[in-house]
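Quick notes on the structure that follows.
The values are calculated or read from the model by the stated rules, or taken from the named source; none is laboratory data. Just so it is clear, the structure is predicted and the values come from calculations on it, not from any experiment. For neighbour counting, all protein chains shown are included, and Cβ atoms are generated from backbone atoms with ideal geometry for every residue, glycine included.
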Amino acid sequence: MSRVKVFFNSSVNSKIVASLAGLGLTGFAIFHMLGNLQVFEGSDAINGYASILRDMPILLWTARMGLLIVAGLHIGLVIRLALRNRQGRPVAYAVRRYRAASVASRTMVLTGSLLLFFIIFHLLHLTAGLIDASAPDGLDIQGRVDVYGKIIHAFRNPLYVGIYFVGQLALGLHLSHAISSGLQTLGIEHAALNRLFKLAGSGIALFVVLGNLSIIFAVFLGLIRA
Amino acid sequence: MLVAGRKRRGGYRRIVKLTLRIWRQRGPNERGGLVTYQVDDISPDMSFLEMLDALNQQLIMAGEEPVAFEHDCREGICGSCSLVIDGVPHGPDRGVTTCQLYMRRFADGKTITIEPWRARAFPIVKDLVVDRRALDRIMQAGGYISVNTGGAVDGNTLLIGKEEAETAMDAASCIGCGACVAACKNASAMLFVAAKVAHLATLPQGKPERTRRVMAMVQAMDREGFGSCGNQYECEAVCPKNISVRFIALLNREYLRAGILGTKMPAQSDPPHGESY
Ligand code: HEM
Ligand code: SF4
Ligand code: FES
């Protein structure tokens, strides 16, 4: 126990583990978005995908537990770091001018906290089905859980579109600083490739967010229907 | 950008008037606050510190306590001068120290706010003077190489590649001013530590203690109450020596390497000659 404590008392160790966990979550966010895009292939594709996942309960629950642990590690470590950082400057400057820090980098705690709320909401809403009583929880004609129907029902409603839009905004901002920051924390930098790494950060953030938003707005604008 | 002092009198341009808001604090545990002063007759050729000298002359004449601020070389090499000017450590020019900042950079009639470095690890001594010994203690923890004294080694005994020499030189140009800490929202000293670690880790003389050095210096940094790095790069943007944040990535790599190798490995059996590194 004390070795673990000593390890995490190092700010650099904490940063390294937090960034590994964060990059792991980023990987999940990318594959989750790609999986979601199957909505565009129609109800058969996405319901089939969901049922394949559900047919492998051990794998599914291992992945879920793993994600929970990784997310817990990330959140726990960054909150601890942020609290310590706040103590670093007890008296604030009267005048403060930023030169290099991006908006995204300055709002990591805010966008991270919004993300946490959004993730909990999203799980209760579409995974557990506890938020919207009017949502269909039936099966499709092949007897599989009708994920497609749930998605269509949810994003017809401007309230859910709004909540998910804010969630995606937070995700995009968080990732646009997080990815390049995480690489730097792991010591991954290169004279010529650094600009590519920077671009990859905002590029991946944009990719994930636009992918998710395309589904939400395609349903809302009636481009995909039941 | 307005150039200071449009008015010409006696053949040279001068700033007629400046309003200064300066942090005054009698001692470490006293309450401080911003006090407003007027200065006039400031030449655009004066350095920022000379402008403060003029203010202090004025205060002494009026029987008031002069403003305490740190300075020594006044040519950008010692790292003593340390003022946050209008929210930016070392002021509006890039790649210079406060003592290399000139009054021609400021418009006539401007209000300038001057504050000390602010960090828990840099307690205020008086007015604009802070105690930066935390950086010295980090150096004492590992920012050195151990050598046996004796006759000077012949030149070029240790061959060093040009690339390595250049990298080490870039890192070694850090003057330990602490502006990186002052600029960081977390008051992190990572750029300073990175410069010192990179400087020594790049050179053959620094290799023997490489593993324990990075461990010890990061541990000392955390102990002093500096924050952690958020990779915002404000430090690089104010550093008077333009130390690159690439050195922070290098520090992270050194730390990872040390963590994996472990500091204990070479010391598992006693060193044959009883040398202590
Ligand atoms: C989908 C979920 C999330 C992903 C993909 C993600 C990803 C990342 C990554 C890759 C980093 C970079 C680590 C570094 O700077 O080295 C990071 C930093 C950070 N994350 Fe997250 N994160 C997520 C959720 C959260 C949540 C829920 C919170 C807050 C409760 C949070 C708060 C932060 C903070 C404050 C930082 C900055 C750490 C620092 O600069 O020291 N993140 N995130
Ligand atoms: S890295 Fe730059 S800002 Fe920081 S102490 Fe060294 S010279 Fe000053
Ligand atoms: S007084 Fe020496 S660097 Fe400014």
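Which of (1) within 12 Å of ligand 2 (Cβ to nearest atom); (2) out of contact with any strand residue (DSSP E or B) (no Cβ under 8 Å at 6 or more places or on another chain); (3) of a type outside the set (A, V, I, L, M) is the odd one out, the single condition residue B:146 does not satisfy?
(1)
Confirm whether residue B:141 is away from ligand 2 (no atom under 15 Å from the Cβ), crowded, with 18+ Cβ neighbours inside 10 Å and assigned to a helix (DSSP H, G or I).
For residue B:141, the condition - away from ligand 2 (no atom under 15 Å from the Cβ), crowded, with 18+ Cβ neighbours inside 10 Å and assigned to a helix (DSSP H, G or I) - is met.
Could you list, in sequence order, all residues of region B:231-266 that are more than 9 Å from chain A (Cβ to nearest Cβ), part of a loop (DSSP other than H, G, I, E, B) and in contact with a helix residue (DSSP H, G or I) (Cβ under 7 Å, 6 or more places away or on another chain)?
Listed by number, the residues that qualify are B:239, B:240, B:243, B:244, B:263.
Select from region B:215-230 the residues that are at the interface with another protein chain (Cβ under 9 Å from one of its Cβ atoms) and not in a loop (DSSP other than H, G, I, E, B) and write down the one among them that is nearest to ligand 2 (Cβ to nearest atom).
The qualifying residue nearest to ligand 2 (Cβ to nearest atom) is B:221.
Among residues belonging to region B:206-238 that are without any contact (Cβ under 8 Å) to a residue 24 or more places away in the chain and at positive phi, point out the one that is farthest from ligand 3 (Cβ to nearest atom).
Restricting to residues being without any contact (Cβ under 8 Å) to a residue 24 or more places away in the chain and at positive phi, the top hit is B:231.
Condition check: among the charged types (D, E, K, R), within 16 Å of ligand 3 (Cβ to nearest atom) and surrounded by fewer than 24 Cβ atoms within 10 Å (Cβ to Cβ). Does residue B:241 satisfy that?
Yes; evaluated as a whole, the condition is true for this residue.
Suppose we filter B:20, B:34, B:101, B:83 for residues that are more than 16 Å from ligand 3 (Cβ to nearest atom), within 24 Å of the chain's Cα centre (by Cα) and crowded, with 19+ Cβ neighbours inside 10 Å; which single one remains?
Answer to the selection: B:20.
Of the conditions (1) under 30 Å from residue B:234 (Cα atoms); (2) without any contact (Cβ under 8 Å) to a residue 60 or more places away in the chain, residue A:22 clears all except one; give me its number.
(2)
This table checks each residue for (1) within 14 Å of chain B (Cβ to nearest Cβ); (2) among the β-branched types (Val, Ile, Thr).
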residue	(1), (2)
A:21	no, no
A:32	no, no
A:38	no, no
A:73	no, no
A:78	yes, yes
A:82	yes, no
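In region B:180-195, which residues are within 11 Å of chain A (Cβ to nearest Cβ) and either on the phi > 0 side of the Ramachandran plot or of a type outside the set (Val, Ile, Thr) (or both)?
Result: B:182, B:183, B:184, B:185, B:186, B:187, B:188, B:189, B:190, B:194.
Can you say whether residue B:209 is surrounded by fewer than 22 Cβ atoms within 10 Å (Cβ to Cβ), more than 8 Å from chain A (Cβ to nearest Cβ) and at pLDDT 95 or above, as far as the supplied structure shows?
no
Looking only at region A:78-109, which residues are more than 8 Å from ligand 1 (Cβ to nearest atom), out of contact with any strand residue (DSSP E or B) (no Cβ under 7 Å at 6 or more places or on another chain) and in contact (Cβ under 8 Å) with a residue 60 or more places away in the chain?
Within region A:78-109, A:80, A:102, A:103, A:104, A:107 qualify.
Residues are listed down the side, and each one gets a yes or a no for (1) more than 16 Å from the chain's Cα centre (by Cα); (2) more than 14 Å from chain B (Cβ to nearest Cβ):
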position	(1), (2)
A:168	no, yes
A:178	no, no
A:184	yes, no
A:189	yes, no
A:192	yes, no
A:195	yes, no
A:201	no, no
A:219	yes, yes
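Any idea how many residues of region B:66-80 are touching a helix residue (DSSP H, G or I) at 6+ places or on another chain (Cβ under 7 Å) and either more than 13 Å from ligand 3 (Cβ to nearest atom) or within 18 Å of residue B:18 (Cβ to Cβ) (or both)?
Selection size over region B:66-80: 3.
Is there a residue being within 14 Å of ligand 3 (Cβ to nearest atom), touching a Gly at 6+ places or on another chain (Cβ under 8 Å) and within 14 Å of another protein chain (Cβ to nearest Cβ) anywhere in region B:39-48?
no
When region B:195-236 is examined, which residues are found to be among the small types (Gly, Ala, Ser) and under 20 Å from residue B:120 (Cα atoms)?
Listed by number, the residues that qualify are B:220, B:225, B:227, B:228, B:230.
Pick out, from region A:114-226, the helices (runs of 4 or more DSSP H) lying fully within it that include 1 or more residues that are among the small types (Gly, Ala, Ser) and modelled with pLDDT of 95 or more.
Of the helices (runs of 4 or more DSSP H) lying wholly inside region A:114-226, those with at least 1 residues that are among the small types (Gly, Ala, Ser) and modelled with pLDDT of 95 or more span A:158-185, A:194-220.
Inside region B:31-129, counting only strands (runs of 3 or more DSSP E) that do not spill past its ends, which hold 2 or more residues that are free of Cβ contacts under 8 Å to residues at least 40 places away in the same chain and over 29 Å from residue B:186 (Cα atoms)?
B:33-42
Would you please name the residue that is farthest from ligand 2 (Cβ to nearest atom), looking only at residues in region A:8-38 that are under 18 Å from the mean Cα position of the chain (by Cα) and over 30 Å from residue A:52 (Cβ atoms)?
A:17
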